[in-house]
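Heads up, the thing below is written out as structure tokens.
The values are calculated or read from the model by the stated rules, or taken from the named source; none is laboratory data. Just so you know, these numbers come straight off a predicted model, no measurement behind them. Please note: Cβ atoms are built from the backbone with ideal geometry, for glycine as well, and neighbour counts cover all protein chains shown. Quick note on the areas: whole protein, heavy atoms, side chains included, nothing else; ligands and nucleic acids left out. Shrake-Rupley method; radii C 1.70, N 1.55, O 1.52, S 1.80 Å.
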Amino acid sequence: MTDSPVLQIEDLRTQFLTHGGIAKAVDGVSYHVNRGETLGVVGESGCGKSVTALSVMRLVPDPPGRIVSGRVLLHGQDLLELDEAAMRRVRGNRIGMIFQEPMTSLNPVLTVGRQIEEVVALHQNLPARQAAERAVEMLRLVQIPEPQRRAREYPHQLSGGMRQRVMIAMALSCNPEVLIADEPTTALDVTIQAQILELIREIQQRTGTAIVLITHDLGVIAETADRVVVMYAGKKVEEAPVTALFDAPLHPYTRGLMVSMPRLDSPLGPERGELPEIPGMVPSLSALPEGCRFAPRCPLAVQQCREEPPLIEYAPGHVAACWRAGE
């Protein structure tokens, strides 16, 4: 792992025009990821995790979405300034992405081998035979049995775990510098989930790829990530090395996420009470509260929380946006 960021997001703002007004889906988010590092991005559904990733890839549908401002730097080159033809040479080539749901992301009328072949033929200018060999090689890399036979099959003929492996093979087929994994273990059982995470780790160790892992599962983050960014209502509210975050979370929202997870050492039942939860609802992104966006749900909120808290570094690499984080 090096200290030089491969991918750097600076003050990114992405908005959607809705019937209820302008939804600030990503509102001033900044983070970076280094070579060989895994950055975890966590938060409730609707907090802006996936929209940030789609903004990096320039895949936000326009209309109704629009990247308003900010910079997305890949080795210092701002991707937001590239024309569409240049951006196509980046997508799937220098930055790979594993999308949330492989059944809807894979083309149902093309074999999985053909879909991988298209990626390598487009970006690496390989002739058809070499592209087909590369597709089989990638399926073998992600540990799909009988890769030559599987390459001739369609997505509906594969299990959910195998389809996810195909997505990983496709995302890695051009040896990208950055891999964005958006909920790569959604809808998979725990055994397959563990295999997929282990596979991503092995490939990263082999290639040095920088990984941005988007998830709502703190257990996955604890096992996989080196650093963690916590997002809430379109903003980054905390960032820390993974050990520091779990040992001493500073933001009340981060603490709320952690205590709402079931624990093996505290079994639940009628005599034990209910699983703790964060009260209230995530605010509408088109009607955000003034000041701290978490304040209406926060048990520690005070009058000062009517003003927006800045991100402050409380320990090396550990920042939080909370007026009471230092207490």
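For the reader, a short list of remarks on this structure follows.
- Residue ranking by accessible heavy-atom surface, 1.4 Å probe, largest first, among 50, 4, 45 comes out as 45, 4, 50.
- For segment 243-251, putting each phi into the Karplus relation 6.51 cos²θ - 1.76 cosθ + 1.60 with θ = phi - 60° gives couplings of 5, 5, 5, 6, 6, 8, x, 9, 8 Hz, in residue order, rounded to whole numbers and with x for Gly and Pro.
- Think of the chain as having a plus end and a minus end, set by charges on the Cβ of Lys, Arg, Asp and Glu; of 195, 319, 300, 195 sits farthest toward the positive end of this dipole.
- Kirkwood radius and radius of gyration were both taken over the C-alpha atoms of segment 66-114, and their ratio Rg/Rh is 1.08.
- Distant-in-sequence amide H partners of residue 68 (H built 1.01 Å from N, under 5 Å): 13, 14, 15
- Under-5 Å amide H pairs with residue 229, H placed in peptide plane, nonlocal only: 40, 41, 42
- Within the chain, helix-based [θ] at 222 nm, where runs of 4 or more DSSP H residues each add -39,500 (n - 2.57), nearest 500: -9000 deg cm²/dmol
- Of the peptides 176-185, 157-166, the ranking by mean beta-carbon count within 10 Å, highest at the top, reads 176-185, 157-166.
- Three-way shape label, segment 1-109, alpha-carbon gyration tensor, a/c 1.5: rounded
- In order along segment 59-73, phi translates into HN-Hα couplings of 10, 6, x, 10, x, x, x, 7, 7, 7, 6, x, 9, 10, 9 Hz, rounded to whole numbers, per the Karplus curve 6.51 cos²θ - 1.76 cosθ + 1.60 with θ = phi - 60° and x for Gly and Pro.
- Fully extending the segment from residue 201 to residue 45 would add 53.7 nm, taking 0.36 nm per residue of separation and subtracting the current Cα-Cα distance.
- R0 of 25 Å, Cβ-Cβ distance residue 308-residue 281: FRET efficiency to nearest 0.05: 0.80
- Cα-based helix-to-principal-axis angle, 190-207 vs the chain, degrees rounded to 10: 70 degrees
- Were the residues from residue 78 through residue 274 laid out at 0.36 nm apart, the gain over their Cα-Cα distance would be 65.8 nm.
- Summarising the label geometry, the points placed 7 Å from Cα in the beta-carbon direction at residue 194 and residue 129 lie 4.4 nm from one another.
- Karplus (6.51, -1.76, 1.60) ³J(HN,Hα), θ = phi - 60°, over segment 36-41, in Hz, Gly and Pro reported as x: x, 10, 10, 9, x, 10
- Out of every Cα-Cα pair that segment 136-287 contains, those further apart than 21 angstrom amount to 57 percent.
- For segment 1-144, the dipole from Cβ point charges (+1 on Lys and Arg, -1 on Asp and Glu) about the Cα centre works out to 260 debye, to the nearest 20.
- Per-residue SASA remark: residue 103, around 70 Å² accessible (1.4 Å probe; ligands, DNA and RNA not included).
- With R₀ set to 35 Å, the beta-carbon distance separating residue 137 from residue 10 gives a calculated FRET efficiency near 0.45.
- The chain, relative contact order [Cα under 8 Å, separation at least 6], %: 21 percent
- Each residue was assigned an accessible area with a 1.4 Å probe, and for residue 217 the value is about 50 Å².
- Gain upon complete extension [residue 248, residue 260; 0.36 nm per residue less C-alpha separation]: 2.7 nm
- With a Förster radius of 22 Å applied to the C-beta separation of residue 223 and residue 30, the computed FRET efficiency comes to 0.30.
- When the alpha carbon gyration tensor of segment 104-151 is reduced to an equivalent ellipsoid, the three semi-axes, largest first, read 16, 14, 9 Å.
- Three-way shape call for segment 1-50 based on the alpha-carbon gyration tensor, with the a/c threshold at 1.5: prolate
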